[in-house]
Amino acid sequence: MAGQPAVSSSSKWLEGIRKRYYNAARFNKLGFMRDDTIHENDDVKEAVRRLPEKLYNDRVVPIKRALDLSMRQPTLPKEQWTKYEEDKSDLEPHLREVIWERKEREEWARK
């Protein structure tokens with residue numbers, strides 16, 4: 001026990017709530033990641049455009065699959081659901097950069 005880091009019960013509790021909310025949102029049952037569900041404004045479109053080709057293709061496949069599923073069945077089989085632990089944010093760094101650049105352009109335009 002002495003070699004293990006102390007983990008507070010509140011962080012375990014919070015993680016449990018996050019996982020429950022993640023599953024309640026149901027996007028994982030269609031194979032989506034959180035980034036796939038972001039409302040697409042101009043900043044998000046530009047961030048998606050900047051994704052490396054592999055990440056872009058990884059983003060498109062679940063969207064096409066979900067469109068196909070919506071015509072045939074409501075969700076994927078449970079073994080194909082996106083797991084909370086596997087969901088990672090590939091788009092967020094690009095989105096932060098796009099937003100930062102837009103704000104900087106707006107700042108320069110005001111001067």
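Quick one: grab the alpha carbon gyration tensor of segment 29-81, order the square roots of its eigenvalues as a ≥ b ≥ c, and give me rounded if a/c is under 1.5, else prolate or oblate depending on whether a/b is larger than b/c. Judged from the Cα gyration tensor, segment 29-81 comes out prolate (a/c at least 1.5, a/b above b/c). Bridging of Lys54 to lysines at a Cα separation below 22 Å is possible for Lys45, Lys64, Lys83, Lys88, once same-chain residues fewer than 8 apart are set aside. Straight-line cross-link partners of Lys29 among the aspartates and glutamates, defined as a Cα under 15 Å from its Cα and at least 8 positions apart when in the same chain: Asp68, Glu79, Glu85, Glu86, Asp87. Other residues whose C-beta falls under 12 angstrom from the C-beta of Lys29 contribute a net charge of +3, scoring Lys and Arg +1 and Asp and Glu -1. With the helix formula -39500 (n - 2.57) applied to DSSP H stretches of n ≥ 4, the chain reaches a computed 222 nm mean residue ellipticity of -19000 deg cm²/dmol. With Cα atoms as the point set, the radius of gyration and Dmax of the chain evaluate to 18.3, 59 Å.
Among the GluC sites (Glu not before Pro) found in segment 10-54, those both in a DSSP coil and sparsely packed, with 13 or fewer other Cβ atoms within 10 Å of their Cβ, are Glu40.
Values in this text are rule-based calculations from the coordinates and carry no lab data. No experiment lies behind these values; they were computed from the predicted model shown. Methodologically, a virtual Cβ is constructed for each residue, glycine included, from the backbone with ideal geometry; neighbour enumeration extends over all protein chains shown.
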